[in-house]
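**Q** First, the structure itself, so that you have it in front of you.
The values are calculated or read from the model by the stated rules, or taken from the named source; none is laboratory data. Remember, predicted model here, so these are calculated numbers, not experimental data. Glycine also receives a Cβ, built like all others from the backbone with ideal geometry; neighbour counts cover every protein chain displayed.
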Amino acid sequence: MALSVDEQVNNIQVIRVDQSVVSSMSPVRPKDGHKGTFGTLTVRAGSENMAGAAALCVSAALRSGVGLVRLFSEERVISNTFSLIPEALTQVLPIDSADRIRLWRKFDLNRTAVVIGPGLNTDDQSTLDELSFLLLNADLLLLDAGAITLLSESIPRMNELFSERYEKGMPPPILTPHPGEFKRLVPDWNRSDRLTRPSDFARTNRVILVLKGYETGIFSPDGLCYINTTGNAGLAKGGSGDLLSGLIGGFTAQGISALQSAVAGVYFHGLASDILSESLGQRAMRPIELADAFSEAYKRCGWE
């Protein structure tokens, strides 16, 4: 991805993401492709009180162009999601962490991409065991919401896991916190600093950090920062982030690099909200409607 650097701030190369940047990332979609060609995404999301997060994440993933999406969750969450999205594969979540990890081992974690976090029950200790396992075994991994909250409960352990992942030669995971979640990861962070400290976090921990908010920043482990230029206040509603996780995860499952997936996912997510605002306005748009606007967003950037 050869891109010009708009400016350099404190050794951080800053690139503003516009339509030309995302258009240059357009992946090839072969005419003779089949569902195996376009990859598999496994979504670990949802809990009794937040079943909708799983449905939103899976919905966006299926709009990404991925071949298969599997939801790994509680039986009630699966039942609710399947009634809305029958295309999804499902896997019922065992109670015991050892049983969950045995199930994860049956998945090809070198091939399936994984999103973990939207709507998770953070009081479930078994989920933390799953998260630790995935950090050390899943090559294509995105952490959102509940997964980030669980990591923040033991910063030293988080640092150890990121370090061990890097030492194993695994690709950087993607983290997608909103400012409140990032503050849990970096308690002394000043929220007015949208550049220096987030970039330091990405470099130190060897992760791709998507710091959501106005002009979302995507930070790479090698000091690049992509500033998004799409989106509006209509996204400031619960559920928007669940859709973003599914979209980015779906892109990674198709073989798009983690960094390009994050940059393109954030851009399309924002562009879809801009498209919706033209007809619905920012107040009235609902997060679930974003998925229906992805098609037009792709067309505007030559992805369709």
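**Q** Could you list, ordered by first residue, the pairs with Cβ atoms under 9 Å in which the first is in the stretch 197-208 and free of Cβ contacts under 8 Å to residues at least 12 places away in the same chain and the second is part of a helix (DSSP H, G or I) and crowded, with 18+ Cβ neighbours inside 10 Å, at least 6 apart or interchain?
**A** R197/F182; T204/F162
**Q** If only one of V77, V69, V58, V115 is part of a strand (DSSP E or B) and in contact with a Gly (Cβ under 7 Å, 6 or more places away or on another chain), which one is it?
**A** V115
**Q** Would you confirm, using the coordinates I've provided, whether G180 is out of contact with any Asp or Glu (no Cβ under 7 Å at 6 or more places or on another chain), free of Cβ contacts under 8 Å to residues at least 24 places away in the same chain and either surrounded by fewer than 24 Cβ atoms within 10 Å (Cβ to Cβ) or farther than 16 Å from S261 by Cα (or both)?
**A** So G180 passes the test.
**Q** May I pose another question? Do we find a residue being loosely packed, with under 14 Cβ neighbours inside 10 Å, of a type in the set (D, E, K, R) and not in a strand (DSSP E or B) anywhere in the stretch 42-53?
**A** Yes, there is a match, as at least one residue in the stretch 42-53 is loosely packed, with under 14 Cβ neighbours inside 10 Å, of a type in the set (D, E, K, R) and not in a strand (DSSP E or B).
**Q** Of the residues L142, L89, L135, L120, only one is crowded, with 20+ Cβ neighbours inside 10 Å, touching a Ser or Thr at 6+ places or on another chain (Cβ under 9 Å), farther than 15 Å from G52 by Cα and not small (G, A, S); which?
**A** None of the other options fit; the residue is L142.
**Q** Give me a count of the residues in the stretch 190-206 that are in a loop (DSSP other than H, G, I, E, B) and crowded, with 18+ Cβ neighbours inside 10 Å.
**A** Of the residues in the stretch 190-206, 2 are in a loop (DSSP other than H, G, I, E, B) and crowded, with 18+ Cβ neighbours inside 10 Å.
**Q** May I ask you to list the residues in the stretch 271-294 that are exposed (fewer than 14 other Cβ atoms within 10 Å of the Cβ) and over 19 Å from the mean Cα position of the chain (by Cα)?
**A** Listed by number, the residues that qualify are E278, S279, G281, R283, A284, R286.
**Q** Still on this structure, please answer the following. So how many residues does the stretch 66-86 have that are under 20 Å from F268 (Cα atoms) and crowded, with 24+ Cβ neighbours inside 10 Å?
**A** So the answer is 1.
**Q** Let me ask something additional. Given the options L243, L209, name the one that is among the aliphatic types (A, V, I, L, M), within 16 Å of the chain's Cα centre (by Cα) and assigned to a helix (DSSP H, G or I).
**A** Selected residue: L243, the only one of L243, L209 that is among the aliphatic types (A, V, I, L, M), within 16 Å of the chain's Cα centre (by Cα) and assigned to a helix (DSSP H, G or I).
**Q** Please state which of the following conditions R63 fails to meet, knowing it meets all the rest: (1) under 17 Å from A113 (Cα atoms); (2) surrounded by fewer than 24 Cβ atoms within 10 Å (Cβ to Cβ); (3) out of contact with any Phe, Trp or Tyr (no Cβ under 6 Å at 6 or more places or on another chain); (4) at pLDDT 90 or above.
**A** So R63 meets the others, but not (3).
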